[in-house]
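Q: Got a structure here, written out as structure tokens. Questions coming.
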Amino acid sequence: MTVFTNVLEEIVVQNTYNILEEIRPELKPKVRVSEVVAFTLNRLPPLFSTSLEGWTHQYNYALNALSDQIEYLIKKGIQIVLSGDPLHDNTPLPNQLFLNSAGVLYQLGQVINKKYLRWKDVPMLVQDLLELSEYKVQDNLRKDETIIQGDDDTVIQTTPYLSANQRHLLSRSRRFISKQQSYKDKYQAFLNKHQSWADEKKSRDALAMEYRALESFTLHAELGMVNVLEHLIFLAIEKCTTPDIYEQINHSEVAAYAMNRLPPMYATSVRGFRYLRQRAISEFSRDLIGVTRNGILKVLKVSRIDIPKIHAYNFVQEYENAILEVRQILRRNDIYLENIVAVVSELMDLAVVAS
């Protein structure tokens, strides 16, 4: 599970929108926000984090030490975008670069027109669409069988032979399927148990923080922007470790350590991606391998098991559970990131026809 974030992304995006409000209305449509954000991030020191403690420290540092620089770079980026560039490329990045739990969640939100969709909402959505549509479930499983996703393969397994964790997930899935209460109703029920103003405010603040974290989680897919270094660093981690060490270390912490020590490389177009990737390989290969090795050694020495992780970690866990639940609902073992958007779209089409 690879989960980390550059706290500057959220700050730069929000400031970009704020500054765009100050320019002339006729100029706003000419500014592509993702290009301004990438321009700015590529000229700021990266501030990646994997824990809530690290996120808070980096966030406060950015606000206190980098605010003026951020504002200056955003304004300069807007000017450059408006002035035009003969080598400018509007070709968007290919979808496969966003084929991860965050990118596919964003696509699902677009399909059903729900901004704050979470993976834990998806099984209920599929169940509701299934009941509205005429979709025929191809049930090839016995009552005592279930679908289990292993490390290397998807298998059908009888319930008595499931591990304790698998039984927990299956039990949770069945309870989830039978529960038709919406997230809004559950939230309201929670508030009803805590009538004091302080508790209610605390609940609202916590929910607002989750919304912020969810927006940050899907931000790359929303903007059509990637950090070119991510994939290269994960390749370096695999190259620099033995199989047992590779399984033992936290890849997210190694990647965050390495990216905080390398120049940021955000791309929003095919040309930009190719240019930055080639530059990283030709100019920074030795540095990339070096900081990755140092990150591996550092992570091996320090145990961070009990340190609270950033909210994105929960979103990725929700994805892993949701895929299992959707497979169980549809009685299919072929539901993956690659096709779940198409499956939900088909269910929606069938539900419209049935209505």
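Q: If Val3 passes every condition in (1) in a helix (DSSP H, G or I); (2) crowded, with 20+ Cβ neighbours inside 10 Å but one, which one does it miss?
A: Val3 satisfies every listed condition except (1).
Q: Consider Leu229 carefully, then state whether it is crowded, with 21+ Cβ neighbours inside 10 Å and modelled with pLDDT of 90 or more.
A: yes
Q: Select the helices (runs of 4 or more DSSP H) contained entirely in region 243-331, then report the ones holding at least 1 residues which are touching a residue at least 60 places away in the same chain (Cβ under 8 Å).
A: 251-259, 270-301, 311-330
Q: Could you identify the single residue in Arg271, Arg293 that is open to solvent by 80 Å² or more (accessible area, probe 1.4 Å) and at pLDDT 95 or above?
A: Exactly one of Arg271, Arg293 is open to solvent by 80 Å² or more (accessible area, probe 1.4 Å) and at pLDDT 95 or above, namely Arg293.
Q: Does region 32-42 contain at least one residue that is assigned to a helix (DSSP H, G or I), in contact with a Ser or Thr (Cβ under 8 Å, 6 or more places away or on another chain) and closer than 30 Å to Val299 by Cα?
A: Within region 32-42, one or more residues are assigned to a helix (DSSP H, G or I), in contact with a Ser or Thr (Cβ under 8 Å, 6 or more places away or on another chain) and closer than 30 Å to Val299 by Cα.
Q: Now for a different question. Among the listed residues Ile80, Ile19, Ile23, identify the single one that is touching a residue at least 12 places away in the same chain (Cβ under 8 Å), out of contact with any strand residue (DSSP E or B) (no Cβ under 8 Å at 6 or more places or on another chain) and either open to solvent by less than 20 Å² (accessible area, probe 1.4 Å) or within 30 Å of Glu338 (Cβ to Cβ) (or both).
A: After applying the criteria, what remains is Ile19.
Q: For region 24-31, indicate whether the set of residues that are over 25 Å from the mean Cα position of the chain (by Cα), over 23 Å from Ala221 (Cα atoms) and part of a loop (DSSP other than H, G, I, E, B) is non-empty.
A: Within region 24-31 (the criterion being over 25 Å from the mean Cα position of the chain (by Cα), over 23 Å from Ala221 (Cα atoms) and part of a loop (DSSP other than H, G, I, E, B)), the answer is yes, since at least one residue qualifies.
Q: Would you check which residues across region 188-226 are modelled with pLDDT under 90, part of a helix (DSSP H, G or I) and of a type in the set (S, T, N, Q) and list them?
A: Matches in region 188-226: Gln188, Asn192, Ser203.
The values are calculated or read from the model by the stated rules, or taken from the named source; none is laboratory data. Computed from a predicted model, the values in this text were never measured in an experiment. Neighbour counts are summed over all protein chains in view; Cβ atoms, including those assigned to glycine, are modelled from backbone coordinates with ideal geometry. Ligands, DNA and RNA are stripped out before the accessible areas are found, and what is left, the full protein with its side chains, is counted by its heavy atoms. Shrake-Rupley method; radii C 1.70, N 1.55, O 1.52, S 1.80 Å.
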